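Every number in this text was worked out from the coordinates using simple rules, so none of it is lab data. This structure is a prediction, so every number in the text was calculated from the model and none was measured. Cβ atoms come from the backbone with ideal geometry, glycine included; neighbour counts cover every protein chain shown.
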Amino acid sequence: MIQLEKRPTPSKFWTWTTPVLAVALTMIAGGLMFALLGKNPFLAIKTIFYDPILGEFAFYYRGQLLVKAGPLILIAVGLAMGFKAGIWNIGAEGQYIMGAIVGAGVGLAFYPSDSPLILPAMILAGAIGGLLWAMIPAILKVKFSTNEILVSLLLVYVAEQIQAAMALGLLRNPDATGFPGSRNLAQWDASANLELIAGTGMHLGVVAALIAVIFAYILLSRHLMGFHIQLAGQSPKAARFGGVNPTRLVIFCMAISGALAGLAGLFEVTGPAGQISINFNSGYGFTAIIVAFLGRLHPIGILLAGLLMALTYIGGEAAQATLGIPAAAIQAFQGMLLFFLLGVDVLSNYRIRFLRKGVA
Amino acid sequence: MDLSSINWILLLASLMVAATPILLAGVGELVTERAGVLNLGVEGMMITGAICGFAIGVETNSAILGFVAAALAGAALSMLFGLLTQYLLSNQVATGLALTLFGLGLSALIGQGYIGIKGLEVAKIHIPLLSDIPVLGPILFRHDAMVYVSIFIVAGVWATLRYTRAGLILRAVGENHDAAHALGYKVVRIRLMAIAFGGACAGLGGAYLSLVRVPQWTEGMTAGAGWIALALVVFASWKPWRILIGAYLFGGLTVLQLNLQAAGMKVPVEYLAMSPYLVTILVLVIMSSGRGRAHLNAPAELGRSFHASS
Amino acid sequence: MTDLLTIQGLTKAYPGVVANDDVSFAIAPGEIHALLGENGAGKSTLVKMIYGLVKPDAGAMHLHGQPFTPPEPRAARAAGVAMVFQHFSLFEALSVAENVGLGMESPPPMNQLSREIREVSHAYGLPLDPRRLVGDLSAGERQRVEIVRCLLQDPKLLIMDEPTSVLTPQEVEILFATLNKLKSEGTSILYISHKLEEIRALCDGATILRRGKVVGSCDPRQQSAAELAELMVGEALHVPDRAASEPGEVVLQVAGLTSEHVSTFGTRLQNVGFEVHAGEVLGIGGVAGNGQDELLSALSGETRGARETVRLRGDPVGHLGPNARRDRGMLSAPEERLGHAAAPDMSLTENGVLSGWQREKLTSGGFVRWGAARAFAEKIIEGFDVRTPGTHVAARALSGGNLQKFVIGREILQRPDVLVVNQPTWGVDAAAAAAIRQALLDLAAQGAAVIVISQDLDELMEVSDRFAALNAGHLSAPRPARGLTIEQIGLMLGGAHDMDVAHTEDAEQIKDMYQNPKSGEPRP
């Protein structure tokens, strides 16, 4: 018989060990999955986790690492604030899209100006776009106690339709024939979010992600607001007793996470993606949920988790190219990681006792 | 736009078909939630049911086997959720999300070889006399068997919850798991059964999409139907018959929206396509505010972990 | 005659604590047997083993001379053991009949069950309407649901865990009449309590537990309350002392306080009004669920109301939240220690910041000064004798008494002008309870206005200058506590809500007992 026994105090050791354990378990289970697909599991794991960093073509992949990790970290840091407070914004994908659309729209309104103010204006607009989109579930929750999980998620589908409508209509490149989509913002000097150091993948979005990590760290560990966020998440009644205003907290957390997701969208559309197209969004908003949990909702943890998750994206692409492992397998692999993480998480709050049968 | 080009009888007839996937998924989630468990993985279980049902249906050329496989796949996936939340006491919200993300990936993986393959013909039932009634006949009585099975499931869930001891115990577990435990009921076991039922229903709902409504396999084909099913449970205030009403209202809206697109309404297609989601949000707002106050009917233990330590 | 239930050498250990250590005793048929002990003495664990909820590590039980090892409550019920829980095992959203049915092995169809409930509940003087939702019932009525549930199964042994803690004195009379009727019909009762007078009035035999061990067994009618108390606690108790003082000016005025919103099964406060003077303790009594939580929440600022409903030194504060009231010197400590007064998973340092950051200046420019916060937590731990390895320990790791001392200490150290506490000693061991009461009295002696909301009448009589009762959201006019009789208090608490008062000889005896509390003399 196995029995769980609640620890009097959560274990610090396991809090930080469980993510590593989860990654290890995911590699094993993922290896099995790859084996079932008829691929060499060891080669597959090596291709995903080793080659992009230390392999032959690492010089190419390493740059991609930051490109992918940037938006994941940026979004996840925002989400983690809300998750810590028990506010579940799971519609970051929609806020990411709206940030990109609003930011791109503001920029394109001035096309073909070459003012140096265009990119800053777009960044601001991107943040506001994501923020406002997140305000819909926030205000509905505060005013009507509508479930923010469902509303924020349903708004992702709405945002996807708006994105399609924009790519086909309002923002469509008037000079293009053929494919629908906006002008390429990465090729327009005034709006391009270029690599800051060639070959590193370091662009403004990555810088923003690092700043967000630092700010979130200080807020959560030192500031009263961060204390209140954690208090509200752990014990809503105690938070109310402690004078935490739940309305303000919902607005604050949703605003932060929406704005950061919007920023991520903006930096993507002006850089790596280049344009608003029908399927501009690529699921960062959802993967960021995994990143947030994998990083234990802790800013530094999220930084590491974001890099790891970016690695699975890049390694996944490499495995797709060299081994023919389908992209969907990588998606399943990421989902598995979250599963294992949640499963082994039990160790930080509970002790496992093995009881011999028959001792009664 | 030419409204006269819409065949209203056909529209009403397709309403029941459009509603069946979310009806099935919704009633399954209702049972899960009445036991006090919030499983946000409906979307993931639906899509997995969709591909498993489609694959087995096509391989065996039997829709029935397809549906059975879908129900089993949905239930199997839900047991993953059950294992994590009931035994390892993980957070239900996070685990449900994980289930959805995993299900989307898994289904795409399984579905690699089934993209673009033609689906099955699922026979429509012909009921003598009833099916031949003008107007009502085609609207109500000329559908495939699953449409009626789904109504039957709703009726069964209603009767079970209301009149049987098993239903009473299920509700008791959802209202106060500590008290149920103190009386000697196996909280975890009962919840696992409710979760499995929810998973099986979601799987059936997904398979209905891929085997009947569409009928073929495309990645991400559930397109938020699982989330709409979750909203449906709130709309229904956790009452089975209201799930039926809600699903049919929603089905009607979807069909109308598609018909308006076809009739060439002077609104971009995308805005019509987003209307079901917007209406769902609107309904959620109405239900959770004012006198409706749907959450007052919510099971008291919804989303809380149970650990029999004290 | 053989004993109904014998228990030999029952032992159960949890990590870090031996809940029951070699416990043995026996209950005869038709006996009311008391299990006496302080909170944490191991009473609950013991009955959980008898009821099949917990498996013993060692030892044996025999029922009717046969080995008795119930693997689960169902088996215990089948063997004729029924239990009324201290924290009710009821479902608020279900009807009385459904609740009763859930506690039975093979209940009859609902219609018949409803009829039986009506009949049995009337026969035993505990009338119940089977169709009502349990969430709408008073605490006393809820207990009746539990008792009727047990009675319908015709039990041989009825276990009652602290049954009177939720009853008014008049309701206690009725309950005792019912129990004596059951006894006369041959049912044995295992009666768990720490209230000595009750046990002396009701029980035929008593087993006394202390720290998991049997420290004595006796005929409680042959012992004085003081003797029983000493057996139970193991030491002579410190009774709080207080200096008589003249009440000062009015500090807090409450008028026309009526709840606007209530949760599904909450109680509405109805036009509550009172005044508290500096240096005075106002005791507010009442049976659970009569508006205590709502009153605390309205005074702490967690529920805001109209400006004028609450005035602090004449200034309206009714519209202000908890922080603004703390700023003005009005502090509180809610009943629920874990999850309301303190966050279970947070450290003591963090829990100190929870309500102390303003008055103790634990922040600067919005940033928490963790060093100062730790010092504050250490000050509480030292000043209030909180037993803990350190300030880094999570609140949930502390025992009930230690955490309660921490919570009360946290508020008292902030030098409040008004302190409102709800159930300050609920579930706390006697020594800690005495310390907490003393601290509250000391605070009043220093000139603060103190409001103690409690269900423990003995406690209220001990600390209060004036006494008022909450009953279904109404507050009675406060009266000087000195000289109040238990019967007057009972009537203030609402007497026996729509109950058939059974005027039996037993009831008279019990009334007797309550009119001469703490007489300490054995009955002739």
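Fully extending the segment from B:E219 to B:A159, taken as 0.36 nm per residue of separation minus the present Cα-Cα distance, adds 18.0 nm. Pairs of Lys residues in the stretch C:5-233 that lie 8 or more places apart, or on two chains, and have C-alpha atoms under 28 angstrom apart add up to 28.
Legend: ranking of residues B:T218, B:T254, B:T20 from fewest to most surrounding C-beta atoms inside 10 Å; resulting order B:T218, B:T254, B:T20. The aspartates and glutamates within cross-link reach of B:K239, meaning a Cα-to-Cα straight distance under 17 Å and a gap of 8 or more places when in the same chain, are B:E29, B:E33, B:E175, B:E301. The GNM of chain B, with springs linking C-alpha atoms under 10 angstrom apart, assigns the highest mean-square fluctuation among B:S210, B:S14, B:S78 to B:S14.
For the stretch C:410-449, the residues whose backbone nitrogen is under 19 Å from a point 7 Å from the Cα of C:Q358, taken along Cα to Cβ, are C:410-422, C:448-449. Across B:H177, B:H143, B:H126, mean-square fluctuation computed from a Gaussian network of chain B (C-alpha pairs under 10 Å connected) peaks at B:H126.
Each Lys and Arg Cβ is given +1 and each Asp and Glu Cβ -1; about its Cα centre, the protein assembly as shown then shows a dipole of about 1940 debye. Legend: calculated FRET efficiency, C:Q8 to A:K46, from the Cβ-Cβ distance at R0 = 45 Å, rounded to 0.05, equals 0.10.
Neighbour counts of C-beta atoms inside 10 Å place A:T17, C:T164 in the sequence A:T17, C:T164, starting with the fewest.
Could you please report the charge total around A:A261, scoring K, R as +1 and D, E as -1 over all other residues with beta-carbon less than 13 angstrom from its beta-carbon? Net charge around A:A261: -2. Sorting the Cα pairs of the protein assembly as shown by distance into bins of 20 Å, from 0 upward, gives 10, 36, 35, 16, 3, 0 percent per bin. Computed across the stretch A:72-325, the Kirkwood hydrodynamic radius from all distinct Cα-Cα pairs reaches 18.5 Å. Backbone amide hydrogens, once placed in the peptide plane, bring C:E336 within less than 5 Å of C:A341, excluding anything fewer than 5 places away on its chain. Using only the alpha carbon atoms of chain B, find the Kirkwood hydrodynamic radius as the inverse mean reciprocal pair distance, in angstroms to one decimal. After inverting the mean inverse Cα-Cα distance, the result is 19.8 Å.
With each label modelled as a point 7 angstrom along the Cα→C-beta vector, the A:L32-B:Y271 pair spans 5.1 nm.
In chain C, helical runs assigned H by DSSP with n ≥ 4 each contribute -39500 (n - 2.57); averaged across all residues and rounded to the nearest 500, the mean residue ellipticity at 222 nm is -9500 deg cm²/dmol.
Hey, with R₀ at 30 Å, roughly what FRET efficiency would A:M135 and A:I278 work out to, going by the Cβ-Cβ distance, to 0.05? E between A:M135 and A:I278, to the nearest 0.05, is 0.70.
Summing charges over neighbours of A:F110, with a neighbour being any other residue whose Cβ is under 14 Å away from its Cβ, gives -1 when K and R count +1 and D and E count -1.
Once the Cα-Cα distance is subtracted from the 0.36 nm per residue extended length, the C:V18 to C:A78 segment shows a gain of 18.7 nm. Working from label points 7 Å from Cα in the Cα-to-Cβ sense, the C:A60 to C:Q112 distance is 3.9 nm. Between B:N297 and B:I64, the modelled label-to-label distance comes to 3.6 nm, taking each label 7 Å out from Cα in the direction of the beta carbon.
For the stretch C:250-492, the alpha-carbon coordinates run over 49, 38, 38 Å along the three principal axes, in decreasing order. Using the Cβ-Cβ distance between A:F59 and A:I211 with R0 = 22 Å, the FRET efficiency computed as 1/(1 + (r/R0)^6) comes to roughly 0.25.
With N counted as the residues of the stretch B:1-101, its alpha-carbon radius of gyration over 2.2 N^0.38 Å works out to 1.35. Dipole orientation for chain C: of the candidates C:I7, C:L102, C:M330, C:M330 has the Cα lying most toward the positive pole (charges on Cβ; Lys, Arg +1; Asp, Glu -1).
For chain A, lysine pairs separated by 8 or more sequence positions, or belonging to different chains, with Cα-Cα distances below 20 Å total 6.
Footprinting exposure proxy ranking of C:C218, B:C201, A:C253, fewest other C-beta atoms within 10 angstrom first, gives C:C218, A:C253, B:C201. Counting charges near B:A225 (Lys, Arg +1; Asp, Glu -1) among other residues having Cβ under 11 Å from its Cβ returns a value of 0. If you run the Gaussian network model on chain A, springs between alpha carbon atoms under 10 Å, then out of A:R172, A:R222, A:R62 the most flexible one is A:R222.
Computed 3J(HN,Hα) for the stretch C:452-460, one whole-Hz value per residue from the Karplus formula 6.51 cos²θ - 1.76 cosθ + 1.60 where θ = phi - 60°, is 10, 9, 7, 9, 8, 5, 4, 4, 5, glycine and proline marked x. Kirkwood's formula applied to the C-alpha pairs of the stretch C:5-233 gives a hydrodynamic radius of 17.9 angstrom.
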